[in-house]
Amino acid sequence: TSRILIAEAPGPDGRLLGFVVSQLIPHLEPLWIAPSVRGTGLAEELSDRIIRFMVENGARGWISVADSPFAEKLCEREGMVRVSSPVYIAK
């Protein structure tokens, strides 16, 4: 009932660069990005991929708790609407 997407550094060290978690109760959070790769577009890529997964699997909507200004911008970029701070919902 859940899916976790991770981003790892290439090569043998394979350190964790970011992750996003989705639950089939459709609820998206957390989305985390390593400080060393923030600002590279990785958050947007993980967000796009998890939303595509939700749509492909028939989710008609989902919620996301956006507890930072950056998370709020990601939700708004995806067309989500704030229902009660910091909760956003996809239409």
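The values are calculated or read from the model by the stated rules, or taken from the named source; none is laboratory data. In this text, all values refer to a predicted model and were calculated from it rather than measured experimentally. Cβ: placed from backbone, ideal geometry, glycine included. Neighbour counts: every protein chain shown. Heavy atoms of the whole protein, side chains included, go into the accessibility calculation; ligands, DNA and RNA do not. Shrake-Rupley method; radii C 1.70, N 1.55, O 1.52, S 1.80 Å.
The table that follows gives values for the structure above.
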item	result
Qualifying residue in segment 40-63 (condition: without any contact (Cβ under 8 Å) to a residue 40 or more places away in the chain, open to solvent by 80 Å² or more (accessible area, probe 1.4 Å) and of a type in the set (G, A, S))	no
Residue satisfying all of: in segment 55-80; at pLDDT 85 or above and hydrophobic (A, V, I, L, M, F, W, C); farthest from H27 (Cα to Cα) among these	F70
Subset of segment 20-39 that is assigned to a strand (DSSP E or B) and farther than 13 Å from L74 by Cβ - its residue that is most open to solvent (accessible area, probe 1.4 Å)	Q23
Residue in segment 78-89 that is surrounded by fewer than 17 Cβ atoms within 10 Å (Cβ to Cβ), within 22 Å of I6 (Cα to Cα) and not aromatic (F, W, Y) present	yes
All positions within segment 1-37 that are closer than 19 Å to P86 by Cβ and not small (G, A, S)	V20, V21, Q23, I25, P26, H27, L28, E29, P30, L31, W32, I33
Inter-residue pairs, beta-carbon under 8 Å, first in a strand (DSSP E or B) and in segment 1-19, second polar (S, T, N, Q) and modelled with pLDDT of 90 or more, 6+ apart	L17/S36
Among residues of segment 1-54, those that are at pLDDT 90 or above, over 11 Å from the mean Cα position of the chain (by Cα) and under 21 Å from D67 (Cα atoms), counted	9
Cross-chain or 6+ apart pairs with Cβ under 8 Å, segment 66-91 first and of a type in the set (A, V, I, L, M, F, W, C), then open to solvent by 70 Å² or more (accessible area, probe 1.4 Å) and in a loop (DSSP other than H, G, I, E, B)	M80/K91; V81/K91
